[in-house]
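**Student:** The structure follows.
The values are calculated or read from the model by the stated rules, or taken from the named source; none is laboratory data. Please read all numbers here as calculations on a predicted model, not as lab measurements. When we count neighbours, we look across all protein chains shown, and the Cβ atoms used for this are built from the backbone with ideal geometry, even at glycine. All accessible areas refer to the heavy atoms of the entire protein, side chains included, with ligands and DNA or RNA removed. Shrake-Rupley method; radii C 1.70, N 1.55, O 1.52, S 1.80 Å.
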Amino acid sequence: MNVCADNRLFDWDIFCRVVDNFGDIGVCWRLAKGLAGDHGLAVRLWIDDLDAFSRLCPGTSTVGGRILAGGVEIRRWDPDFPSVEPAAAVIEAFGCELPESYLAAMAARPSPPPWVNLEYLSAESWVGDYHRMASPHPRLPLVKHFFFPGFSPRTGGLLRERGLLDARDRFQAQSAAQETLLRSLGVAAPRPGTRLISLFAYEQPALAALLARWADGDEPVLLLVPEGPVVGDVMRFFGEHEAAAGACRQRGALTAAILPFVDQERYDRLLWACDVNFVRGEDSFVRAQWAGRPFVWHIYRQEQDAHRVKLEAFLDRYTATMERPAAAAIRQFWRAWNGWGGIASAWRPFEAALPAIGTHNRSWAHALASAPDLASSLVQFSRNAVK
């Protein structure tokens, strides 16, 4: 054990392991900022991969394994875990398993801190039954509670910082702000009538068929592709294997621009600026819903097609109040995008339904915003736990 003791007091400790991509750390970083920024709490975020974090939060520097950013102290989670005073409340993100020495320190306190295992987002109905369920530790006098984000009042809600929708509305009302964003990403403002589409996805072998349809179409399309696994699929359509940020290729009505990996704030604005957003995983999936624009979800693939159950559960909830043609178009295209159907043939009805989908998504975002956000739910839970 590292003998460098740290006895400062924090309100929250969040533990996160970077499994792959940026989903886990993306959620934890937003949550940490929300607890610090919206609730004025002292937050310490433990991450096992600071290189991954630096992609989400560029421009920070590490001093002694610590980073201060967004009102949060970020600490490297090494196998040789230091001796620290546990925070007043603890989040174990996605079953990452707390260090044994930290658990022992929690158990040694006169009143052990509330301990939450933050689960992955799902729209499945069973989630509400397991939200806040207690799980006593097998050896120590500690109790962990499972905490589920979600879309119903029986869950912890979604990450949504204070003032998010107002900021979105102001941005979307200002064309100059949108042009400034694009210039900051190395992209010139498109000519009027161009459809802006953002593409943030896992590898998508069937992408070429959709790109061909856009290239052969009558409407100009500007495809904005942040760096990531799908860039290779885009470039193969143009006869190349890879490209760096700043690359721009054109075929027919389609122009594709490769963007640098951006921080979360600029990614939000990219979603707000685009007419259609392709998103993946959990964090960008939630942010696309707050954008109020049509979006397509590339869900994280799981063994035995377990992800299809999660996809259908969300589609049931999301399209429940939608007109039937638009709901059918969404189902067809989302399923095709995730490997169950032809992408190119599913695009036409989805494209025709875009106006209806856009209207629905504004209402959907406002309905979601009427529920408590995830950070506030966690704060309330921890306060109730110590009463």
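**Student:** What translational D, rounded to a whole number of µm²/s, comes out for the chain from Stokes-Einstein when the hydrodynamic radius is the Kirkwood one over Cα pairs, at 37 °C and 0.692 mPa s?
**Tutor:** Values: Rh = 22.1 Å.
Diffusion coefficient, whole number: 148 µm²/s.
**Student:** Where a ≥ b ≥ c are the square roots of the eigenvalues of the C-alpha gyration tensor, would you call the stretch 132-196 rounded, which needs a/c under 1.5, or, failing that, prolate if a/b is larger than b/c, or oblate?
**Tutor:** Verdict is prolate for the stretch 132-196.
**Student:** Determine the share of the chain's accessible area contributed by carbon and sulfur atoms, expressed in whole percent, with a 1.4 angstrom probe.
**Tutor:** C and S atoms contribute 51 percent here.
**Student:** May I pose another question? Would you mind getting me the FRET efficiency between Asp78 and Glu312? Use the beta-carbon distance for r and R0 = 51 Å, nearest 0.05.
**Tutor:** Plugging the Cβ-Cβ distance into 1/(1 + (r/R0)^6) gives 0.80.
**Student:** Which whole-angstrom value gives the distance between the alpha carbon centres of the stretch 282-310 and the stretch 47-71?
**Tutor:** About 27 Å separates the Cα centre of the stretch 282-310 from the one of the stretch 47-71.
**Student:** Also: Taking the stretch 302-373 as the region of interest, what is the percent of Cα-Cα pairs per 5 angstrom bin, listed from the shortest bin to the one with the maximum distance?
**Tutor:** Here the calculated profile for the stretch 302-373 is 3, 16, 23, 22, 19, 11, 6, 1.
**Student:** Where a ≥ b ≥ c are the square roots of the eigenvalues of the C-alpha gyration tensor, would you call the stretch 336-387 rounded, which needs a/c under 1.5, or, failing that, prolate if a/b is larger than b/c, or oblate?
**Tutor:** oblate
**Student:** Could you calculate the contour length gain from Glu265 to Trp126, that is, 0.36 nm times the residue separation minus the distance between their Cα atoms, to one decimal place in nm?
**Tutor:** 46.8 nm
**Student:** Quickly estimate the mean residue ellipticity at 222 nm for the chain, helices only: each DSSP H run with n ≥ 4 gives -39500 (n - 2.57), and the total goes over all residues, rounded to 500.
**Tutor:** The per-residue figure over the chain is -12000 deg cm²/dmol.
**Student:** Per residue, how much accessible area does the chain show when a 1.4 Å probe rolls over the protein heavy atoms, in square angstrom?
**Tutor:** Value for the chain: 44 Å² per residue.
**Student:** Express the relative contact order of the chain as a whole percentage, based on alpha carbon pairs under 8 Å and six or more residues apart in sequence.
**Tutor:** Value for the chain: 14 percent.
**Student:** Alpha carbons only, please: Rg and Dmax for the stretch 61-126, in angstrom.
**Tutor:** Rg and Dmax of the stretch 61-126, Cα atoms, are 14.4, 45 Å.
**Student:** What is the antiparallel percent of DSSP beta bridges lying wholly in the chain, to the nearest 5?
**Tutor:** Of those bridges, close to 25 percent are antiparallel.
**Student:** Inverting the mean 1/r over all pairs of different Cα atoms, compute the Kirkwood radius of the stretch 168-319 and quote it in Å.
**Tutor:** Working: mean 1/r = 0.0623 Å⁻¹.
Result for the stretch 168-319, one decimal place: 16.1 Å.
**Student:** I want the antiparallel fraction of DSSP beta bridges within the stretch 228-305, as a percent rounded to 5.
**Tutor:** Taking every DSSP beta bridge with both residues in the stretch 228-305, the antiparallel ones total about 50 percent.
**Student:** Can you give the three extents of the C-alpha atoms in the stretch 248-387 along their principal axes, from longest to shortest, in whole Å?
**Tutor:** 64, 35, 34
**Student:** Related question: Would you grab the residues whose amide H sits under 5 Å from the one on Trp46? Only those 5+ places off in sequence or on another chain, please, with H modelled 1.01 Å from N.
**Tutor:** Those qualifying (amide H under 5 Å, at least 5 residues apart or on another chain) are Ile14, Phe15, Cys16, Arg75.
**Student:** Continuing with this model, one more query. Taking the Cα-to-Cβ direction at Arg66 and at Arg251 and moving 7 Å from each Cα, how far apart do the two end points lie in nm?
**Tutor:** Placing both labels 7 Å along Cα→Cβ, they lie 5.3 nm apart.
**Student:** Once you charge only the Cβ atoms, +1 for Lys and Arg and -1 for Asp and Glu, what is the size of the charge dipole of the stretch 141-291 about its Cα centre, to the nearest 20 debye?
**Tutor:** Taking the Cα centre of the stretch 141-291 as origin, the dipole is about 300 debye.
**Student:** Also: Fully extended, how many nm does the chain gain between Thr321 and Arg55 (0.36 nm per residue separation, minus their Cα-Cα distance)?
**Tutor:** Extra length from Thr321 to Arg55 when fully extended: 91.9 nm.
**Student:** What is the distance, in nm, between label points placed 7 Å from the Cα along the Cα-to-Cβ direction at Arg236 and at Glu161?
**Tutor:** 3.7
**Student:** Continuing with the same structure: Determine the dipole magnitude for the chain: charges of +1 sit on the beta-carbon of Lys and Arg, -1 on that of Asp and Glu, nothing else is charged, the reference point is the Cα centre, and the result goes in debye to the nearest 20.
**Tutor:** Rounded to the nearest 20 debye, it is 800 debye.
**Student:** If you don't mind, another one. Label Glu303 and Leu9 with points 7 Å out from Cα along Cα→Cβ: what is the distance between them in nm?
**Tutor:** 4.5
**Student:** If you average the C-alpha positions of the stretch 194-244 and of the stretch 318-368 separately, how far apart do those two centres end up, in angstrom?
**Tutor:** Here the answer is 20 Å between Cα centres.
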